[in-house]
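J.: Input: one structure, supplied below.
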Amino acid sequence: MTILIAKAIWVACVIAWYVIRFPYQRRAKKAVVAKSSRGVRESILLTISLSGLGIVPAIYVFTGVLRFADYPFVPALAWVGIIPSLFSLWLFYRTHHELGRYWSVSLEVRDQHRLVTSGIYRHVRHPMYSAFFLWALAQSLLLPNWVAGPSGFVGFGILFFFRIGREERLMLETFGEEYRAYMERTARILPGIY
Ligand code: SAH
């Protein structure tokens, strides 16, 4: 493993994430929305998340601007990073597949929205967010830079903690007792822990 290969793995995974999401994004544009929390707040949070998971690490990978924050590359860390990379891609794929037409980049309730509680959603309520945290972990293992590595955790962490309460309130308003019971039997992102 070399630093160039670790960077190439990061780029390949970002492309794979995009390929997985693209069809759902296209479909979401045509969806009939019943309730939406889209607004300035959501746009700011999405921009922060995109910066941490995409823009900052891309600046590191493609330019020398962040060189001041480099630390020595440890091949073993990058090898270990392949595990959360692949696991997060698989989880990202599963969650998109299972949410199907109910997926949205911001908080929305679709026309005739149903609560998904099966498959991956049987184990945690927010497996797509678990996938993002796993990917943030992979990023920090793959990129030996104190800014570009942890920026995914910071960026997505901000989106997550400012969104999660609102998302669960929206689900409670929409699905009532069904979501309350679902909350009681599941964790948010890590089975049995959180
Ligand atoms: N938080 C979920 C979904 C992220 S996509 C996850 O991490 O897997 C965001 C949209 O999914 C929200 O607008 C919400 O309407 C919808 N959503 C969240 N949980 C859902 C569920 N269990 N069933 C159906 N839709 C859900």
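J.: Do we have L107 as open to solvent by 70 Å² or more (accessible area, probe 1.4 Å), within 19 Å of the chain's Cα centre (by Cα) and within 21 Å of P127 (Cα to Cα) here?
T.: On the way: open to solvent by 70 Å² or more (accessible area, probe 1.4 Å): no; within 19 Å of the chain's Cα centre (by Cα): yes; within 21 Å of P127 (Cα to Cα): yes.
No: the conditions fail for L107.
J.: Here is a follow-up. Scan region 125-167 for residues that are assigned to a loop (DSSP other than H, G, I, E, B) and near the ligand (Cβ under 10 Å from one of its atoms) and jot them down. Please lay out each step first, then the result.
T.: Narrowing region 125-167 to residues assigned to a loop (DSSP other than H, G, I, E, B): 125-126, 143-144, 146-150.
Once the filter is applied, which keeps residues that are assigned to a loop (DSSP other than H, G, I, E, B) and near the ligand (Cβ under 10 Å from one of its atoms), region 125-167 yields R125, H126.
J.: Checking the structure you have, find out if any residue of region 108-124 is in a loop (DSSP other than H, G, I, E, B), aromatic (F, W, Y), over 22 Å from G155 (Cβ atoms) and at pLDDT 95 or above.
T.: At the first step, the residues of region 108-124 found to be in a loop (DSSP other than H, G, I, E, B) are 111-118, 123.
From what's left, aromatic (F, W, Y): none.
Taking every residue of region 108-124 in turn, none turns out to be in a loop (DSSP other than H, G, I, E, B), aromatic (F, W, Y), over 22 Å from G155 (Cβ atoms) and at pLDDT 95 or above.
J.: Are any residues in region 17-62 surrounded by fewer than 12 Cβ atoms within 10 Å (Cβ to Cβ), farther than 17 Å from S106 by Cα and of a type outside the set (A, V, I, L, M), and if so, which ones? So that I can check it myself, show each step before the final result.
T.: Taking region 17-62 as the starting set, the residues that turn out to be surrounded by fewer than 12 Cβ atoms within 10 Å (Cβ to Cβ) are 18-19, 22-23, 26, 29-30, 32, 39-40, 43, 62.
Narrowing the set further to residues that are farther than 17 Å from S106 by Cα leaves 19, 62.
Selection gives F62 alone.
The values are calculated or read from the model by the stated rules, or taken from the named source; none is laboratory data. All values reported here derive from a predicted model rather than from experimental measurement. Note that we place each Cβ from the backbone using ideal geometry, even for glycine, and neighbour counts take in every protein chain shown. In case anyone asks, the SASA skips ligands and DNA or RNA and just uses the protein heavy atoms, side chains included. Shrake-Rupley method; radii C 1.70, N 1.55, O 1.52, S 1.80 Å.
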